[in-house]
Amino acid sequence: MKTPFIDRIKAEEIAAAVGTPYYVYDAEGIRKALRGLQKAFSWCDFKEYYAVKACPNPYILKLIREAGGGADCSSYTELLLAASVGFEGESIMFSSNVTPAEDFEAARSLGALINLDDITHIDFLEKHGGIPGKICLRYNPGGHFEISGEIMGSPEEAKYGMTREQIFEAVGILKEKGVKEFGLHAFLASNMQNGDYWPKLAEILFELAAEVRERFGVRISFVNLSGGIGIPYRPEEKPVDIRAVGKHVKEAFEKEAEKSGLPMPSIKAELGRYMTGPYGILVARVIHMKHIYREYAGLDACAANLMRPAMYGSYHHITVFGKENETPDTLYDVTGGLCENNDKFAVNRLLPKLEPGDLVAIHDAGAHGFSMGYNYNGKLRSAEVLLEKDGSWKLIRRAETPKDYFATFDFEGAEIEVKDSF
Ligand SMILES: *Cc1c(COP(=O)(O)O)cnc(C)c1O
């Protein structure tokens, strides 16, 4: 059973102040996740660079910075966000692809660690920001990525990273250009519930590190395991045992060190989902019940607020506030109001009997939730709220208003009177 980290009274209290729908994040949950991760890797020099795209709110980034995390950015604006909360230098990882010149320039001027996606970016970076003394290279091993014979991902279809040969070639070129230290990065599968993902990935990267070191005599100062650790979206799923992950990555290193004498590199991570996913919920109100060939519960939130179910068919658990103990005996499609039939938060979901006015929690929306929001059908982004351990909360982003929607138009003759609320 999944229970939201706020109850009906708190949910209504926030709704009365900021309106619905809204996102609420559990600050202490995020801190605990980071602490657990740091502890699992306390055997090495470890740093988690939170993937900013998962929940790009400066208040979230600030609490991650205060808890010892870094920021993983992939665009100019994400770099600005990170810089705005005090991240600088090597506390920023810049893992971009198809990177515009001004993005590289901004990353270099902040002193961020550059994670280079492609061999052709060497010349580009040299022109736009310059080659740093320490650089990370993104590896794509191609083929299928398997764990115990099971296919977990298909790197051969992924646009990211360099081939093995390109990695070696890039190291040679960069060494010539004065690079002294290298990092190696790969991201081979997403939302991995399988605890063997990082150990397997670490094995691949340690092995590559050993070969790079042998062939070029350069220092591999870090291995970047990136993101990809999954979370239990379904109530019957279990969280990944992060302590076991840390232990098995250590074993993977020891095996490689024994074989090749690879000195211990630092380990870096860019987890997004794992860090905030379970600690954010989207709270929405049932505004209509509709009875046709199916039973529909219509919410005041829609896929523009949380895209994952429409985009990937993802499961997000739903709790009805105040009806936590009622029998889920009615089959519903829970929908938003977009003119798109995939705008459904749940399909054929058993829930307690719903009625207009009910407040629902859509769970595990703390990563790739708000941030994937959009304005289709003129829908507006919601507010975001940060809940503290003592039950206090603050608004960390107000909801968009029609004025925000109209702010980017400069349409001569269209003098539109836009009201903030109706
Ligand atoms: C999206 C992304 C991440 C975070 O992935 P999660 O699945 O949220 O852990 C980390 N690194 C890079 C380069 C990414 O694109």
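The values are calculated or read from the model by the stated rules, or taken from the named source; none is laboratory data. From a predicted model like this one, the values you see are computed outputs, not experimental measurements. When we count neighbours, we look across all protein chains shown, and the Cβ atoms used for this are built from the backbone with ideal geometry, even at glycine. Side chains included, ligands, DNA and RNA excluded: accessible areas come from the protein's heavy atoms. Shrake-Rupley method; radii C 1.70, N 1.55, O 1.52, S 1.80 Å.
Annotations for the structure displayed:
- Nearest 10 degrees, 0 to 90: helix 8-18 Cα axis against the chain principal axis: 90
- Prolate/oblate/rounded label for region 258-347 (Cα gyration tensor, a/c 1.5): prolate
- Rounded to 0.05, the FRET efficiency of the Thr408 and Lys175 pair, given R0 = 51 Å and the Cβ-Cβ distance, is 0.65.
- Beta-bridge orientation, region 27-273: approximately 10 percent antiparallel, per DSSP, counting only bridges with both partners inside.
- Region 231-305: relative contact order as a whole-number percent, Cα under 8 Å and 6+ apart: 19
- Charge dipole of the chain (Cα centre as origin; +1 on each Lys and Arg Cβ, -1 on each Asp and Glu Cβ, all else neutral): 820 debye, rounded to the nearest 20.
- Three-way shape call for region 47-204 based on the alpha-carbon gyration tensor, with the a/c threshold at 1.5: oblate
- Cα-based shape type of region 278-406, given that a ≥ b ≥ c are square roots of the gyration tensor eigenvalues and the cut on a/c is 1.5: oblate
- Cα long-axis angle, helix 242-260 against the chain (0 to 90 degrees, to the nearest 10): 20
- Accessible area per residue, Å², the chain with all protein chains present, probe 1.4 Å: 45
- Length released on extending from Tyr296 to Glu207, taking residue separation times 0.36 nm less the Cα-Cα span: 26.7 nm
- The chain: angle of helix 101-110 to the longest principal axis, Cα-based, in degrees nearest 10: 80
- On full extension, the segment bounded by Ile9 and Glu126 gains 36.5 nm, given 0.36 nm per residue less the C-alpha separation.
- A convex hull fitted to the Cα coordinates of the chain yields 161 cubic angstrom per residue.
- Here the chain carries DSSP beta bridges of which approximately 45% are antiparallel, counting only pairs with both residues inside.
- For the pair region 120-176 and region 344-409, the centres of their Cα atoms are 37 angstrom apart.
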